[in-house]
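No value in this document is a laboratory result; all are computed from the given coordinates. Predicted model only: the values in this text are computed from it and were never measured. Neighbour counts are summed over all protein chains in view; Cβ atoms, including those assigned to glycine, are modelled from backbone coordinates with ideal geometry.
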Amino acid sequence: MHTTDIEHQIRSFLVDNFLFGRSDALGDHESLLGGVIDSTGTLELVVFLQDRFGLTVEDEDVVPENFDSIKHVAAYVARKLDAKACAGQ
Amino acid sequence: MCGICGLLKLDGRQADPNQIGKMIATLHHRGPDARGSNVSGCAGLAHARLSIIDLQSGAQPMSTADGRLWITFNGEIFNYIELREQLLSKGHSFATRSDTEVILNAYHEFGEDCVNHFNGQWAFAIWDRKEQKLFLSRDRLGVRPLFYTQTTDSFLFASEIKALLACPEVPREVDPKGMDQIFTFWVTLPPRTVFKNIFQLPPGHSLTVKDNCVRVRQYWSIPYMQDGNPHSGNEGEAAEELLHLLQDATRIRLRSDVPVGAYLSGGIDSTVTTALVRKLANNGLRSFSITFEDSEFDESSYQREASSFLGTQHSNVSCSHADIARVFSQVVQHTEQPIVRTAPVPMFLLSRLVRESGFKVVLTGEGADEVLGGYDIFKEAKIRRFWARNLDSKWRPLLLKRLYPYLQDFQRQPAANLKNFFRVSGEDLESPFFSHLPRWELTARLKLLFSAEFRAEIGKYDAIGELEGALPPDFRSWPHFTQGEYLETNYFLSGYLLSSQGDRMAMAHSVEARYPFLDYRVLEFAAKLPVNLKMKVLNEKYLLRRACAGLVPDSILRRPKQPYRAPDARCFFDVEAPAYVKELLSPYAIEKNGIFDAQAVSALVNKFRAGRASSVKDDMALVGVLSTQILATQFTKPWEILSEPCIQQTSSIKSEAFS
């Protein structure tokens, strides 16, 4: 899956779930944690990523390096998908 | 306890008795026992009375024997007996046994400084015919409300905004800046309200109108850091002094010519006040509480334990999701400002229980958390600061788990989540609002729901910046804990807890609440206490627990804190939710009021309908939108409906005798 497509899906989920549909309120590099997403929201995002992309998100993965912006989350998902694909080959 | 209102014609013409009559009629719920008005030239005062002291001769408006001073007064001056003696010795005479006449004579003796002699909760207006001066005053913490406005030819004031809106010349417009403040702080910053050109007299302030000039003056503030003179005694002495002060604060709050009851929530604060009442009045004390069908919020086992220990005759009212949805619109008519939580609703049901049980006066434990260091927000700030000193620490953020043991969702989260949510930046650490930023930033996210037009009206207005400009000059040098206390007590306590959740909910059913923890002597004592006697490490209300050991059951003294909360937005999506909820949240109604974006609200509503809403923010957003819609819709309609006493019976009342 292309990173842009991943980004698009994540963006749609965030806008619908946390920004009341206001897509103008979310920049690609905007910090998500503690701002866009509240504490229970992080769990919602994790559940979404697991369901949508078939990943397992470990507790220790929920760190700013992976979750702080749409770009970070998309890159994290792409890495996990790559790893999964490699493991499956 | 009563409702007051009045007006002053600034053009010198005679005040219109009909206009005053219309205003006071909207305040019937505050004073159903009697109604009176007086027009004296260009000034008119009116009063709706809830008779509590001097039932026979305390009618208002009241004047001095010479007819020079006229007063309309809402509240109680608890030290009126001592003041009366003092004034008698100075040669004043009294025709009644009321505290109202004590105010009149004190004003005569001390002028505007009379308020410094009062220990109580008040909002009053005095018209001085000789000086042609109107004097308004509001108690130190704003327990009693007082609003005012000015039109082209009149100055008008009242206990509630609805009385001002009864005058056709007063505009009925939402103030975008007031809304911006509510959707940041949960309160407006006095004197602002959510209505344009309608103001509240800030707590601890007086106002005069003379020669068409309005002057507002602060006569008291909480003396944090004021004289640099901390409490000098040791811990034992401080505990003894606190208990002594609380006993006396309770004693003078039992002064009443009608029976006094007590709210008993099952927490330490109301158990302490009930225990103090029990010691002073050893008769069949009645206590009252709310129980919840939803076990997450229910504290009835602690209530039973406290009632049994103290030997009170206890009654409770059960509050279900359906009850909250059913009475929410009535509640908002009384709060007169949007609310982002449903917590006032059960207080509305509780005051009805009290009233239907034949009581007009209750003592409550409100204020202990603010005054004596009980709030989690203080604890949260302490942990965040502690962690910030070593951000790489693996175990420091785990302390966050000690916060909010009662929040089930919160406890289920991995530490990593909490760490992200509560993470601290260097910029935050420098902020004078460090303790409150997480709450304000979360609430401010709700502003995303505002429509483009409404956002344009708000423009670049910065609510937090305005608050910063209003802080005491040396605020930044205060201890962090004291900064948090100041923000919580100065703004949240008076603007929300004592109004939306306090006076308005009690007075909706003509019940007067009295607060021993908010006696100004307790506040002045507590302001001088070393911080570690309020919160010792992470033990909240440390000194109170020490002072009151033995007075209350050990299990209640030691129980983990469970702040009072109520089920939120999900109440409005049960199958039996009333029709008004759907109507007011419809795109048509949202667009009609123009405050919110219809598409954004629909997205939120759909999330709830689909059962996908689970966050605190979504809950607050839905409750905030619905309450705003109720308010915006109601205030464009005639207010007369509010003058009808509420007779709808919606909840079951149970009486239990444990004694």
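Values computed for the structure shown
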item: Chain A: relative contact order in percent, alpha carbon pairs under 8 Å with at least 6 residues between; result: 37 percent
item: Residue-averaged [θ]222 nm for chain B, counting only DSSP H segments that reach four residues, each worth -39500 (n - 2.57); result: -11000 deg cm²/dmol
item: Cα coordinate range in the protein assembly as shown, projected on the principal axes (Å, largest first); result: 101, 58, 52
item: Inter-probe distance in nm under a simple model that places probes 7 Å from Cα toward Cβ, at B:K90 and B:E112; result: 1.7 nm
item: Longest site-free stretch - chain A; sites: GluC sites (Glu not before Pro), DSSP loop, at most 15 other Cβ within 10 Å; result: A:59-89
item: Two-decimal Rg/Rh across chain B, once Rg and the Kirkwood Rh are taken from alpha-carbon atoms; result: 0.95
item: All Cα pairs of the stretch B:118-265, percent lying beyond 19 Å; result: 67 percent
item: Cβ-based exposure ranking for B:L276, B:L88, A:L55, in which fewest neighbours within 10 Å come first; result: B:L88, A:L55, B:L276
item: Sorted by Cβ neighbour density within 10 Å, fewest at the top, the residues B:R389, B:R138; result: B:R389, B:R138
item: Set of lysines near A:K80 by C-alpha distance (under 27 Å), chain-local residues within fewer than 8 positions excluded; result: A:K71, B:K394, B:K419
item: Inter-part distance where the stretch A:22-83 and the stretch B:332-383 are each reduced to a Cα centre, Å; result: 38 Å
item: ³J(HN,Hα) computed for each position of the stretch B:311-317 - Karplus, 6.51 cos²θ - 1.76 cosθ + 1.60, integer Hz, glycine/proline x; result: x, 9, 8, 9, 10, 9, 10
item: Karplus (6.51, -1.76, 1.60) ³J(HN,Hα), θ = phi - 60°, over the stretch B:372-381, in Hz, Gly and Pro reported as x; result: 10, x, x, 7, 4, 5, 6, 5, 4, 5
item: Cross-link table B:K177/B:K582; B:K22/B:K162; B:K541/B:K561; B:K382/B:K534, entries beyond 19 Å C-alpha to C-alpha; result: B:K177/B:K582
item: Kirkwood hydrodynamic radius of the stretch B:195-262, Cα pairs, Å; result: 16.8 Å
item: The stretch B:2-218 - percent relative contact order, Cα under 8 Å, separation 6 or more; result: 19 percent
item: Along each principal axis, Cα extent of the stretch B:2-218, largest first, Å; result: 52, 38, 34
item: Cα coordinate range in chain A, projected on the principal axes (Å, largest first); result: 41, 25, 21
item: In Hz, Karplus ³J(HN,Hα) per residue of the stretch B:331-348 (6.51, -1.76, 1.60; θ = phi - 60°; x = Gly, Pro); result: 4, 5, 4, 8, 5, 6, 8, x, 10, 9, 9, 8, 3, x, 4, x, 5, 5
item: Point-to-point label distance, B:T152-B:D462, nm (Cα→Cβ direction, 7 Å offset); result: 3.8 nm
item: Under DSSP loop assignment and at most 15 Cβ neighbours within 10 Å, longest GluC sites (Glu not before Pro)-free interval of chain B; result: B:297-575
item: Dipole axis of the stretch B:2-218 (+1 Lys, Arg; -1 Asp, Glu on Cβ), positive-most option in B:A43, B:N197, B:L87; result: B:N197
item: Placed amide H near B:G31: partners under 5 Å, 5+ positions off or other chain; result: B:G3
